[in-house]
Amino acid sequence: MIDELRYGSLMSALSSQHLERVSRHAGRVELGEGQMLFSQGDPADRFFLVLRGQIKLFRLSPDGAEKVIEIIGPRQTFAEALMFLNAPRYPVCASALSSAQLIAIDARQFASMLRESVDTCFLIMGALSQRLRGLVCEIDNLTLHTASSRVARYLLDHLPEDRRALDLDVRKSVLASRLSVKPETFSRVIKHLSQEGIIEVHGSHFTVVDRGSLEEIAELDNTPELRPVPCASIAAMGS
């Protein structure tokens, strides 16, 4: 299990001694496709590392509508930030998009280990800060860009640099929810990209024919950099 823990990006920099300690308070979890891991509001006593498969994090509205917040794949951890809260509860639901294998880590024991080592704590905080920066960029993507731009960005983000093709391993309805577009809008964008000769689609297999045009639609040059907000602007926000 120590090698598997090191496989995760969050704990890859931890020492073997720390990983051995983590492994003593961790266990394996096997999930079948569609099986729930936890529900919104459950006590958050563990966080998780995905070894295989994909986990869908989502929230349910009062009328039962589902909004996909994030799709977690191998090497990624989730729910780790909750260990810094007092009596935390999961703010989302989690279920397996496909059969999955995870490692469940005792959050209280992990937090106790961090309290004993400032250096270890800073390693974890650095990883969480990177995650936060990614979430800020995600908010920009959802609020400042069109549906076409979001779909194009997703395709480019999942397309290897040296390849022109990719297989979508997520159902289109799930992906549409993740990108905050309606399924029919997602289908309309894909159809338009196909008709324009920018991509070719065969089932779940996508081939990017014109990467330059796809990058233009993705508006990659219009992504705002993280920068300080002037105090006057902050004051205006609060007024």
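So, in segment 8-33, exactly how many residues are more than 28 Å from Leu97 (Cβ to Cβ) and among the polar types (S, T, N, Q)?
3
Does Ser180 meet the test of being surrounded by fewer than 17 Cβ atoms within 10 Å (Cβ to Cβ) and either assigned by TED's automatic domain parsing to the domain that holds Ile69 or at pLDDT 90 or above (or both)?
no
Look through Ser194, Ser204 and report the one residue that is in contact with an Asp or Glu (Cβ under 9 Å, 6 or more places away or on another chain), modelled with pLDDT under 90, within 16 Å of Leu155 (Cα to Cα) and small (Gly, Ala, Ser). Spell out the reasoning first.
Numbers: Ser194 fails: modelled with pLDDT under 90.
Sole residue among the options that is in contact with an Asp or Glu (Cβ under 9 Å, 6 or more places away or on another chain), modelled with pLDDT under 90, within 16 Å of Leu155 (Cα to Cα) and small (Gly, Ala, Ser): Ser204.
What's the number of the condition Ser187 fails, among (1) in contact with a Leu (Cβ under 6 Å, 6 or more places away or on another chain); (2) modelled with pLDDT of 90 or more?
Only one criterion is unmet by Ser187, namely (1).
Just to verify a result, which residue in segment 6-61, among those that are among the basic types (Lys, Arg) and within 24 Å of Leu179 (Cβ to Cβ), is modelled with the highest pLDDT? Give the derivation first.
Of all residues in segment 6-61, those among the basic types (Lys, Arg) come to 6, 21, 24, 28, 46, 52, 56, 59.
Next, from what is left, pick out any that are within 24 Å of Leu179 (Cβ to Cβ): 56, 59.
Numbers: Lys56: 94, Arg59: 90.
Within segment 6-61, the match that is modelled with the highest pLDDT is Lys56.
Name the residues in segment 26-37 that are in a strand (DSSP E or B) and either among the small types (Gly, Ala, Ser) or surrounded by fewer than 19 Cβ atoms within 10 Å (Cβ to Cβ) (or both), would you? Let's see the steps before the verdict.
Quick first cut of segment 26-37, residues in a strand (DSSP E or B) only: 26-31, 36-37.
Once the filter is applied, which keeps residues that are in a strand (DSSP E or B) and either among the small types (Gly, Ala, Ser) or surrounded by fewer than 19 Cβ atoms within 10 Å (Cβ to Cβ) (or both), segment 26-37 yields Ala26, Gly27, Arg28, Val29, Glu30, Met36.
Inspect all residues belonging to segment 48-68 and state whether any of them is among the aliphatic types (A, V, I, L, M), over 28 Å from Cys121 (Cα atoms) and free of Cβ contacts under 8 Å to residues at least 24 places away in the same chain. Quick ask: steps written out before the conclusion?
Residues of segment 48-68 among the aliphatic types (A, V, I, L, M): 49-51, 55, 57, 60, 65, 68.
Next cut, over 28 Å from Cys121 (Cα atoms) only: 60, 65, 68.
Now drop any that are not free of Cβ contacts under 8 Å to residues at least 24 places away in the same chain, which leaves 65.
So far as segment 48-68 goes, yes, one or more of its residues are among the aliphatic types (A, V, I, L, M), over 28 Å from Cys121 (Cα atoms) and free of Cβ contacts under 8 Å to residues at least 24 places away in the same chain.
Test each condition in (1) touching a helix residue (DSSP H, G or I) at 6+ places or on another chain (Cβ under 7 Å); (2) surrounded by 14 or more Cβ atoms within 10 Å (Cβ to Cβ); (3) free of Cβ contacts under 8 Å to residues at least 24 places away in the same chain for Lys172 and report the one that comes out false.
Unmet condition: (2).
List, please: which pairs have Cβ atoms under 9 Å, are six or more places apart or on different chains, and start with a residue in segment 15-26 that is polar (S, T, N, Q) and end with one that is part of a helix (DSSP H, G or I)?
Pairs that qualify, where the first residue is polar (S, T, N, Q) and the partner is part of a helix (DSSP H, G or I), are Ser15/Thr120; Ser16/Ile2; Ser16/Arg6; Ser23/Ile2; Ser23/Glu4; Ser23/Leu5.
The values are calculated or read from the model by the stated rules, or taken from the named source; none is laboratory data. Not measured: the values here are computed from a predicted model. Counting neighbours? That spans all protein chains shown, and the Cβs are built from the backbone with ideal geometry, glycine included.
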